[in-house]
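A.B. asks: One structure coming up, written as structure tokens, with questions to follow.
The values are calculated or read from the model by the stated rules, or taken from the named source; none is laboratory data. Small disclaimer: the values here were computed from a predicted structure and weren't measured. Positions of Cβ are backbone-derived with ideal geometry, glycine not excepted, and every protein chain shown enters the neighbour counts.
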Ligand code: S3P
């Protein structure tokens, strides 16, 4: 039997992930914990930073994205303990009290950091802010938040008609609006709720389908005044209520669990138990899609932890079937489409993913990235304007691949490589640290 081989190799300023396994002899087995939910981690840091008093966060994601958020808010006066333990404390500055930073704020690779912060900063009267990010973030559209903020009276300047970072913001008293968002986006919704938190009167956001509702849940638990109308996907915030520091326990990220749910489904004789996974219904589209594909997943030990539903997930290998993924489920599995594409490559039949054009505006153009890289390995994937058509059942051959410096693309390709014949090298794989710093060591431990 050849020895399983999964290793990270550092090459000047990037890392290659090398995977060379004999798939017929490999199984994934064990019980594991996944890192804290990225969306909830950002929101806990942000609300903690604008609260008078102390917030305690347990289980925060200690990844690159939350580090960017923490660094920005430290630059505006919040005292945040080092992100190196399971218990983070924040001494917030209080509502509408962020200090003017003496340097440019750097959101790194994190769209959530930049878009949510824009709502807060635009409503900080009399203060001036500059915000930038890495190459990927500087090419992502900010008009989706800049335009509604401008309708509220915000003063924001940037390249390409104020839609690309770096952005300059002159804080201002804003006017409440009712915004009908053309896209179901939790980042847009949360940006406007944070702007509304600091604005006298009622700010309402209506979205075409329900996006993740972590902001609504956490704002309410910190004491903000919210009205939610599920029938119209609308949420209204009444501005001016100061927040009270809370203890937040961050559940494991279902978007990170998704890699193991798919790996456990496709690698022969696998069985994994993933503990402490957040199963907020606005995020469980992945479980519904894998159920449509006849994956063998059971939800165990359900409970609610600081306002978010949590469970353990058990996955066993099974033969997957193709399915159609479209419509209202898309915002509830938006970040899982790259790894669902990998599942579809190993499913019987042709899987269609539609209504997912938003994927072109993530950390990379994820439709192009995942289709092109899996096709290099021998998959049969056709890019559609708003999705993918995936013919299942092709054999994958190891190949040289690129992560597109997108954490979810890198990890999806690594799972595909487990089932490929021969050696796969994924260039620029260091990017997994954005949301899952221990991804490679976890994979090494699970291979039996
Ligand atoms: C996020 C919302 C989603 C998601 C992103 C995190 C959030 O983006 O893709 O990874 O934390 O609000 P959109 O709201 O732009 O769809």
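A.B. asks: When the residues of the stretch 356-370 are filtered to those that are crowded, with 17+ Cβ neighbours inside 10 Å and over 22 Å from residue 427 (Cβ atoms), which remaining residue is farthest from the ligand (Cβ to nearest atom)?
C.D. replies: Only one residue tops the list, namely 356.
A.B. asks: Considering only residues that are touching a residue at least 12 places away in the same chain (Cβ under 8 Å) and away from the ligand (no atom under 16 Å from the Cβ), which ones fall in the stretch 371-386?
C.D. replies: Of the residues in the stretch 371-386, the ones touching a residue at least 12 places away in the same chain (Cβ under 8 Å) are 371, 373-374, 376-381, 383-386.
371, 373, 374, 376, 377, 378, 379, 380, 381, 383, 384, 385 - these are the residues of the stretch 371-386 that are touching a residue at least 12 places away in the same chain (Cβ under 8 Å) and away from the ligand (no atom under 16 Å from the Cβ).
A.B. asks: Determine which member of the set 343, 429 is within 15 Å of residue 263 (Cα to Cα) and in contact with a strand residue (DSSP E or B) (Cβ under 9 Å, 6 or more places away or on another chain).
C.D. replies: Working: 429 fails: within 15 Å of residue 263 (Cα to Cα).
None of the other options fit; the residue is 343.
A.B. asks: Could you check residue 204 against (1) more than 16 Å from the ligand (Cβ to nearest atom); (2) over 23 Å from residue 45 (Cα atoms); (3) outside any strand (DSSP E or B) and say which number it fails?
C.D. replies: Only one criterion is unmet by residue 204, namely (3).
A.B. asks: Among (1) within 16 Å of the ligand (Cβ to nearest atom); (2) buried (at least 16 other Cβ atoms within 10 Å of the Cβ); (3) under 30 Å from residue 329 (Cβ atoms), where does residue 165 come up short?
C.D. replies: (3)
A.B. asks: Now a separate question. Mind telling me which of the residues 223, 239 ends up being away from the ligand (no atom under 16 Å from the Cβ), within 25 Å of residue 124 (Cα to Cα) and surrounded by fewer than 19 Cβ atoms within 10 Å (Cβ to Cβ)? Lay out the reasoning, then the answer.
C.D. replies: Working: 239 fails: surrounded by fewer than 19 Cβ atoms within 10 Å (Cβ to Cβ).
Criteria check complete, one pass: 223.
A.B. asks: Next question, about the same structure. Condition test on residue 301, is it over 23 Å from residue 350 (Cβ atoms), assigned by TED's automatic domain parsing to the domain that holds residue 442 and surrounded by fewer than 19 Cβ atoms within 10 Å (Cβ to Cβ)?
C.D. replies: In short, yes.
A.B. asks: Mind checking which residues of the stretch 324-350 are surrounded by fewer than 17 Cβ atoms within 10 Å (Cβ to Cβ) and either at positive phi or within 11 Å of the ligand (Cβ to nearest atom) (or both)?
C.D. replies: Passing the criteria: 327, 349.
A.B. asks: Only one of 190, 211 is in a loop (DSSP other than H, G, I, E, B), within 15 Å of the ligand (Cβ to nearest atom) and surrounded by 23 or more Cβ atoms within 10 Å (Cβ to Cβ). Can you tell me which?
C.D. replies: After applying the criteria, what remains is 211.
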